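The values are calculated or read from the model by the stated rules, or taken from the named source; none is laboratory data. These numbers were taken from a predicted model, which means no experiment stands behind them. Note that we place each Cβ from the backbone using ideal geometry, even for glycine, and neighbour counts take in every protein chain shown. Just so you know, the surface numbers come from the protein's heavy atoms only, side chains and all, with ligands and any DNA or RNA stripped out. Shrake-Rupley method; radii C 1.70, N 1.55, O 1.52, S 1.80 Å.
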Amino acid sequence: MILIDGKKIAAEIRDELKKEISELKKKKNLVPGLTVILIGDLAPSQIYVRMKEKAAIEVGLKSEIIKFPKDIDEKIVLDKIDELNNDSLISGILVQLPLPKHIDKKKVIERISPLKDVDGFHPVNVGNLSSGYKSIIPCTPLGCYLLIKKYEQNLNGKKAVVIGRSNLNGKPMTQLLLRENCTVTITHSKTKDLKAECSEADIIVAAAGIPELVRGDWVKKDAIVIDVGINKTDKGIVGDVAFDEVSKFAKALTPVPGGVGPMTIACLLKNTVECFKNLLK
Ligand code: GUN
């Protein structure tokens, strides 16, 4: 079984970006800038945002975190997004999710310029991806896709099962696999027989948020299994895949941590550089 080393592959992406950013600086005398808006004090969000900032600075991006208290007025957030949209030194804007209940997530996502939408969540980017136009692709599914492609270049006709239908992961993941001519089944909490669906799959992407949901006897021999889950349990952080069981069947499997997580951050940096280049056009 191949242990898919997301940490190593993410480091390679960051190295390439570092070179590209340094070239851009020499040629254009400009550095891409990423601004992250963090609302409230949720511990996981604070940790993720800090990790994103650290990674951004390490590759040579400009990075800024704007923090708002959890009871901030929605209008102040929307006005800040307008200001960042109009700031030519900012290439990428990310509003960390989840948001406090009184703030309308859809309004926030729609307010970010699609050209600066490093998350790829704006309906324009979502539509572009699903229609086969060039678009910014959400970071986690993009990271999963790059990991799959590293081990399986030709995905033509492969059967893929995506577990989870979120806008962040499941839906864009499905589009990416479809684009590669996979036969994709998108499953979710109402799916009748998830085990039966998975047992047919050449590729499984598990993004359900349920600890160790995917068991060894769900997985076809030589399947590629990508685990997006990060679940806090009594025995520590575990993924959506029962790692020890599934490793006996899968051809390649991502660990948690050290699989998809580092790829999400590397892809955020990649998207920031891409937005920067698109804005120069
Ligand atoms: N919260 C958890 N994952 C993400 C992500 O990819 N982007 C944003 N903006 N918030 C998140």
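Figures for the structure shown
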quantity	calculated
Qualifying positions in region 81-107 - more than 14 Å from the ligand (Cβ to nearest atom) and among the small types (G, A, S)	S88, S91
Residue, farthest from T264 (Cα to Cα), within region 113-125, restricted to residues that are open to solvent by less than 30 Å² (accessible area, probe 1.4 Å) and within 12 Å of the ligand (Cβ to nearest atom)	H122
Inter-residue pairs, beta-carbon under 8 Å, first in contact (Cβ under 8 Å) with a residue 12 or more places away in the chain and within 18 Å of T140 (Cβ to Cβ) and in region 42-55, second away from the ligand (no atom under 12 Å from the Cβ) and assigned to a helix (DSSP H, G or I), 6+ apart	A55/R14; A55/A266; A55/L269
Residue among K235, K220, K251 that alone is of a type in the set (D, E, K, R) and at pLDDT below 95	K235
Identity of the residue in region 160-201, over 22 Å from the mean Cα position of the chain (by Cα) and more than 17 Å from V246 (Cβ to Cβ), that ends up most open to solvent (accessible area, probe 1.4 Å)	K192
Of the criteria (1) out of contact with any Gly (no Cβ under 7 Å at 6 or more places or on another chain); (2) within 15 Å of the ligand (Cβ to nearest atom); (3) not in a loop (DSSP other than H, G, I, E, B), which one I57 fails	(2)
Tabulated pairs, region 196-216, first under 20 Å from L178 (Cβ atoms) and in contact (Cβ under 8 Å) with a residue 60 or more places away in the chain, second assigned to a loop (DSSP other than H, G, I, E, B) and open to solvent by 40 Å² or more (accessible area, probe 1.4 Å), C-beta under 7 angstrom, 6+ apart or interchain	A207/S166
Of all residues making up region 220-252, the number that are open to solvent by less than 30 Å² (accessible area, probe 1.4 Å), touching a residue at least 60 places away in the same chain (Cβ under 8 Å) and in contact with an Asp or Glu (Cβ under 7 Å, 6 or more places away or on another chain)	3
Among (1) within 16 Å of the ligand (Cβ to nearest atom); (2) farther than 21 Å from K105 by Cα; (3) open to solvent by less than 30 Å² (accessible area, probe 1.4 Å) - the single one I39 does not satisfy	(2)
Count - residues of region 126-148 that are more than 13 Å from the ligand (Cβ to nearest atom) and free of Cβ contacts under 8 Å to residues at least 40 places away in the same chain	7
Qualifying residue in region 110-128 (condition: more than 24 Å from I39 (Cβ to Cβ) and assigned to a helix (DSSP H, G or I))	yes
Every pair of residues 6+ apart whose Cβ atoms lie under 9 Å, when the first sits in region 169-180 and is small (G, A, S) while the second is open to solvent by 30 Å² or more (accessible area, probe 1.4 Å)	G170/I186; G170/H188; G170/A208
Some residue of region 134-149 being of a type in the set (G, A, S), in a loop (DSSP other than H, G, I, E, B) and either in contact with a Lys or Arg (Cβ under 9 Å, 6 or more places away or on another chain) or farther than 18 Å from K270 by Cβ (or both)	no
